[in-house]
1. Show that you can apply the helix-only estimate: for the chain, add -39,500 (n - 2.57) for every DSSP H stretch of four or more residues, divide by all residues, and state [θ] at 222 nm to the nearest 500.
2. Tell me, what HN-Hα J-couplings in whole Hz come from the Karplus equation 6.51 cos²θ - 1.76 cosθ + 1.60 at θ = phi - 60° for each residue of segment 71-85, using x for Gly and Pro?
3. Give me a comma-separated list of calculated 3J(HN,Hα) values for segment 25-32, in order, Karplus coefficients 6.51, -1.76, 1.60 applied at θ = phi - 60°, integers in Hz, x for any Gly or Pro.
4. Considering the zone a paramagnetic label at THR145 would reach in this model (a point 7 Å from Cα along the Cα-to-Cβ line), which residues of segment 40-84 have amide N under 20 Å from it?
5. When semi-axes √(5λ) of the Cα gyration tensor in Å is calculated directly from the model, which label among (1) 37, 30, 13; (2) 24, 18, 17; (3) 39, 20, 14 fits?
6. List the residues, sorted by chain then number, that are 5 or more residues from SER109 or on another chain and whose placed amide H is less than 5 Å from its amide H.
7. Sort 100-106, 113-119, 83-89 for me by packing, meaning the mean count of neighbouring Cβ atoms within 10 Å per residue, highest on top.
8. Give me the one-decimal nm value for the distance between modelled label points at GLN123 and ASP42, 7 Å along each residue's Cα-to-Cβ direction.
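Please treat every number below as a calculation from the coordinates, not as lab data. Since this is a predicted model, take the numbers as computed values, not measurements. Methodologically, a virtual Cβ is constructed for each residue, glycine included, from the backbone with ideal geometry; neighbour enumeration extends over all protein chains shown.
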Amino acid sequence: MSGHFRPDQVDLAILNALQDDLPLVSRPWKAIADRLGISETDILDRMKRLGVAGIIRDISPFLESRHLGLHAATLVALHVPEERVDEIAAIISSYAEVSHNFKRDHYYSLWFTIAAQNVEGIQRVLDEILQRIGIPASDVLDLPTVKKIKIDVRFSFLPAQSGEITDGSD
């Protein structure tokens, strides 16, 4: 489906709206739907279709880790044999201190982030992961956060960031 699906103006308005703060109400999708002038059922159906098409991958919060007591973070890259990527990614993902991991087409093929209360906590988790997966230190890049910079990236899918749904006839 993803090769043939083309979002219409309503889908684009939904994509714009999903980049804003999610209303903290009992029915957030209804609140967004009301703002867009569509039904709650319609927005849910369209979001599902956008997900199946691969346009929406995930809807999740961005948490400010420092406010949660996590004052240290690092980005780790590993050189992992292709046949072990899934196995090692599963081990890495089992740690609460790891927010996500991803595969890259690169010598360092598996990347992940660790957050902890301090540098010692990060080192403890990283040492344990490396011991469990058997990857030598020579195949590890540990890139600790030196300065945290947050960039708010939003994509405008409708003209002039209007958020209005039009029939496309003008």
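1. So the helix-based figure for the chain works out to -10000 deg cm²/dmol.
2. Karplus values, whole Hz, x for Gly and Pro: 9, 9, 8, 8, 9, 10, 10, 10, 8, 10, x, 3, 6, 10, 4.
3. In residue order, the calculated couplings are 10, 5, 10, x, 5, 5, 4, 5 Hz.
4. Taking a point 7 Å out along Cα→Cβ of THR145, the residues of segment 40-84 whose backbone N falls under 20 Å are 60-78.
5. (3)
6. LEU78, HIS79, VAL80
7. 113-119, 83-89, 100-106
8. 5.8
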